Amino acid sequence: MTRQTIHDELLKRLKERRRFLQVLAGPRQVGKTTLVRQVMAASHMPVHYVSADEPMLRGDRTWLEQQWDIARLKAGERKSGALLVLDEIQKITRWPDVVKLLWDADTRSGVALKVVLLSSAPLLIQSGLTESLAGRFEVIPVPHWSFAEMHKAFGWNLEHYIFYGAYPGAAGLVDTPERWRRYILDSLIETTVSRDILSLNRVDKPALLRRLFLLGCAYSGQILSYQKMIAQLTDAGNTVTLAHYLELLQGAGMLTGFAKYSHGQARQRGSSPKLQALNTALISAQDHRSFAEARNDGDYWGRLVESAVGAHLFNSSFGTNISVTYWRERSREVDFVLQQGKTVVAVEVKSGGRRESLPGMEAFALQFKPKRQLLVGAQGIPLEEFLSKPAAHWLG
């Protein structure tokens, strides 16, 4: 969903008579707070906003109860009720149990309080919701920005999007590349790893998780078995550890591993993952090439292009029932496979201009009979057009 779609959907839900906890979950710096502030202004309701990410405000159960009581007082002043927004909710100790207790108490007493929770740790908050708040919440996923959104907001062309990625907060720094790079490394990567992963999850080998992230960005768009990862990572533990750390990195919106498509199943456990950075800024900021150098290196640019497509497919299907996988048998490969129910679409990415045969696509089509076989770039769908439409569009 686009930011505007998310804004409209959240505002609509808050105006309904039905009462659910509304949860906005997504990576850091994708505009969750800005978006909810816009909704707060448009709701015309008394609002109490507070962030647990601020050291002076963060606390435990008592702190959360105090914030909730302030919102209750505002709700009692108007028949329309009030809105409570709790940002970075995952930073509060045992937040699911406390929220459940307070929410149920309001339900019994008829307090007209709407509540929105925001989190930059989607995996962690989803676990807390399903364990303690079943039947009481609705989730609105907030993914990374799309090419269309970056183009509309900042006038970025396709090449800027491929190299600089899609963090709106960094858009104003691209004219000073070193500042842009330090922002991505320090304010995004390090903050996400240290505050959203290591401080909130049990990670026995934090150095290994960091090295896995670096490896995943370096090999984004490539299929790499867990055994090969172990061979390249010192003190790598076992495949179970690596798979778990990859799951944590995906939950933070940084890195994922697409599974191999097999016989209509969305995931095949144990298959070698195709590593995928979820924002190409994470790749470029850790590489020493300038924009011009990257653009003139055909092989490197081709990997960035494929990573941009993979990130787009993952992010635009985030929170839907669309799966993104890859397929390979021996030397034949299909870059991406989209599946929604029984509908399957194969996607091949070519950044060069010359015509090439596609033996992988031919073999896949013969075996699985996909609805569509899409060639992106080269002699196929223009890359700009493909990145301007969500994954669901190509399945329709």
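Rule-based calculations on the coordinates, nothing more; no lab input. Just so it is clear, the structure is predicted and the values come from calculations on it, not from any experiment. No Cβ is skipped: glycine too gets one built from the backbone with ideal geometry, and neighbour counts run over all protein chains shown.
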**OP:** Any chance you could check the Cα centroid distance between the range 120-161 and the range 1-36 for me, in angstrom?
**Re:** 10
Subject >> Under Karplus coefficients 6.51, -1.76 and 1.60, residue-wise ³J(HN,Hα) of the range 101-107 in Hz, glycine/proline x >> reply: 4, 5, 5, 5, 5, 5, 5
Original post:
Rounded if a/c is under 1.5, else prolate if a/b is larger than b/c, else oblate: which is the range 290-334, with a ≥ b ≥ c the root eigenvalues of its Cα gyration tensor?
Top reply: oblate
**OP:** Please compute P(r) over all alpha-carbon pairs of the range 320-396, binned at 10 Å starting from zero, and give each bin as a whole-number percent.
**Re:** 19, 53, 27, 1
Subject >> Cα Rg, Dmax, the range 242-361, angstrom units >> reply: 15.0, 43
Original post:
Which one of Thr343, Thr176, Thr241 has the biggest mean-square fluctuation once the chain is modelled by GNM with Cα springs under 10 Å?
Top reply: Thr176
Original post:
Given H placed on each backbone N at 1.01 Å, which residues far from Val349 in sequence or on other chains put an amide H within less than 5 Å of it?
Top reply: Asp335, Val376
Subject >> Amide hydrogen neighbours beyond the local backbone of Val85, cut-off 5 Å, H modeled >> reply: His48, Tyr49, Val50, Val116
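What are the trypsin sites (Lys or Arg not before Pro) within the range 59-88 that DSSP puts in a loop, where the Cβ has at most 14 other Cβ atoms within 10 Å? Let's see the in-between values first.
On the way: sites: Arg61, Arg72, Lys74, Arg78, Lys79; in loops: Arg78, Lys79.
Hits after loop and neighbour filter: Arg78, Lys79.
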Original post:
Per q in 0.15, 0.17, 0.23 1/Å, what log10 I(q)/I(0) does a Debye calculation on the alpha-carbon atoms of the range 102-148 return?
Top reply: -0.53, -0.64, -0.95
Subject >> J(HN,Hα) series, the range 27-40, from Karplus relation 6.51 cos²θ - 1.76 cosθ + 1.60, nearest Hz, glycine and proline x >> reply: x, 5, 6, 10, x, 5, 5, 4, 4, 6, 5, 5, 5, 4
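Is the shape of the range 197-284 rounded, prolate or oblate, going by the alpha carbon gyration tensor and its root eigenvalues a ≥ b ≥ c, with a/c under 1.5 for rounded and a/b larger than b/c for prolate?
Values: a/c = 1.45, a/b = 1.27, b/c = 1.14.
Cα axes put the range 197-284 in the rounded bin.
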Original post:
What stretch of the chain, leaving out the sites themselves, is the longest with no GluC sites (Glu not before Pro) in a DSSP loop having at most 16 other Cβ atoms within 10 Å?
Top reply: 17-355
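Expressed as cubic angstrom per residue, what is the convex hull volume of the alpha carbon set of the range 97-190?
Details: hull volume 13.1 nm³, N = 94.
Convex hull of Cα atoms, per residue: 140 Å³.
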**OP:** Scan the range 330-382 for trypsin sites (Lys or Arg not before Pro) in coil per DSSP, keeping those whose Cβ has at most 12 other Cβ atoms within 10 Å, and list them by number.
**Re:** Arg330, Lys342, Arg354, Arg355
**OP:** Convert each backbone phi in the range 391-396 into a coupling constant with the Karplus relation 6.51 cos²θ - 1.76 cosθ + 1.60 (shift: θ = phi - 60°), then list the ³J(HN,Hα) values in order as whole Hz, x for Gly and Pro.
**Re:** 4, 4, 4, 7, 8, x
Subject >> Diffusion constant of the range 3-141 at 25 °C, which comes from Stokes-Einstein with the Kirkwood Cα-pair radius and 0.890 mPa s, µm²/s >> reply: 165
Subject >> Relative contact order (percent, whole number), the chain, Cα cutoff 8 Å, 6+ residue spacing >> reply: 14
Subject >> Computed [θ] at 222 nm, deg cm²/dmol, the chain (DSSP H ≥ 4; -39,500 (n - 2.57); rounded to nearest 500) >> reply: -12500 deg cm²/dmol
**OP:** Could you give the spread of the C-alpha atoms of the chain along their three principal axes, from largest to smallest, in whole angstroms?
**Re:** 69, 45, 44
